[in-house]
Amino acid sequence: MTDGASAARPYGPVERPSGRSQGPPLTAVGRADRIDGGPSAADRTGQGAADGVSAIDARRFRSILGHFATGVVVITAIDPETGRPTGLAANSFTSVSLDPALVSFCVAHTSTTWPRLRKAERLCVNILSASQRDVCLRFASRGGEKFAGLEWTGSPSGEPVIDGALAWLECSVEAEHAAGDHMIVVARVHHLDRHHDGDPLVFYKGSYGSFGD
């Protein structure tokens, strides 16, 4: 994705798995700056570690972490300034706590959509189904009318629940923590429900697929 939602693990298109359709990285995909491989003289003396300098090559980092499969969510809200629905895609979504009910996701500092979502009192996390690859790609892109022709209903507070999503959670932002080139967002769950039955949309090694692929 290019909007900047992190789906915080830095994946990238490494291989094209059999039976999976190729797609661009998610906004939720972490985008590390280029780091040259191989230890420097400072690293060999231990100075690099003391200075926080990493010897890990960014492309290899993306490749290795791309072996961890994730689901995909679209985070939506009604922009309080325009009254129009907006959203972004992420694959960094995870549960955090049962009591209180907390979840988290990551957003890149460069995201142009998150500032609009952040102004809303409530957000809706839509867990995408296997048939919603096109929905994911739409919300992973910058600009455009992301909700054009898209059916949705309102959560208890009126945030967009996308038709066809497996489940949804209505949340409010509890805390934000800066972490490198991303922001870790912790959100408190207020309402949630199952929406549709089916297989989840899965992101793995730079490609999209379903649970049965």
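The values are calculated or read from the model by the stated rules, or taken from the named source; none is laboratory data. If you're wondering where the values come from, they're calculated on a predicted model, not measured in any experiment. Every residue, glycine as well, gets a Cβ built from its backbone with ideal geometry; the counts of neighbours run over all protein chains shown.
Within region 94-129, the set of residues being small (Gly, Ala, Ser), touching a Ser or Thr at 6+ places or on another chain (Cβ under 9 Å) and modelled with pLDDT of 95 or more comprises 95, 101, 104, 120, 129.
Selection of region 180-199 for residues being part of a strand (DSSP E or B) and either at pLDDT below 95 or over 17 Å from residue 94 (Cα atoms) (or both) yields 182, 194.
For region 87-110, enumerate the residues that are surrounded by 24 or more Cβ atoms within 10 Å (Cβ to Cβ) and either more than 8 Å from the chain's Cα centre (by Cα) or part of a strand (DSSP E or B) (or both). Of everything in region 87-110, those that are surrounded by 24 or more Cβ atoms within 10 Å (Cβ to Cβ) and either more than 8 Å from the chain's Cα centre (by Cα) or part of a strand (DSSP E or B) (or both) turn out to be 87, 88, 89, 90, 105, 106, 107, 108. Regarding residue 197, is this residue surrounded by fewer than 16 Cβ atoms within 10 Å (Cβ to Cβ) and of a type in the set (D, E, K, R)? For residue 197, the condition - surrounded by fewer than 16 Cβ atoms within 10 Å (Cβ to Cβ) and of a type in the set (D, E, K, R) - is met. Only one entry in 207, 129, 155 is touching a strand residue (DSSP E or B) at 6+ places or on another chain (Cβ under 7 Å), without any contact (Cβ under 8 Å) to a residue 40 or more places away in the chain and polar (S, T, N, Q), namely 155. If the condition is being in a helix (DSSP H, G or I) and at pLDDT 80 or above, then region 49-68 contributes 58, 59, 60, 61, 62, 63, 64, 65. In region 53-84, the residue that is surrounded by the most Cβ atoms within 10 Å (Cβ to Cβ) out of those that are within 23 Å of residue 132 (Cα to Cα) and out of contact with any Lys or Arg (no Cβ under 8 Å at 6 or more places or on another chain) is 73. For region 149-165, filtering for residues that are at positive phi and either acidic (Asp, Glu) or in contact with an Asp or Glu (Cβ under 9 Å, 6 or more places away or on another chain) (or both) leaves 1. For residue 136, the conditions (1) in a helix (DSSP H, G or I); (2) over 14 Å from the mean Cα position of the chain (by Cα) are fulfilled apart from (2).
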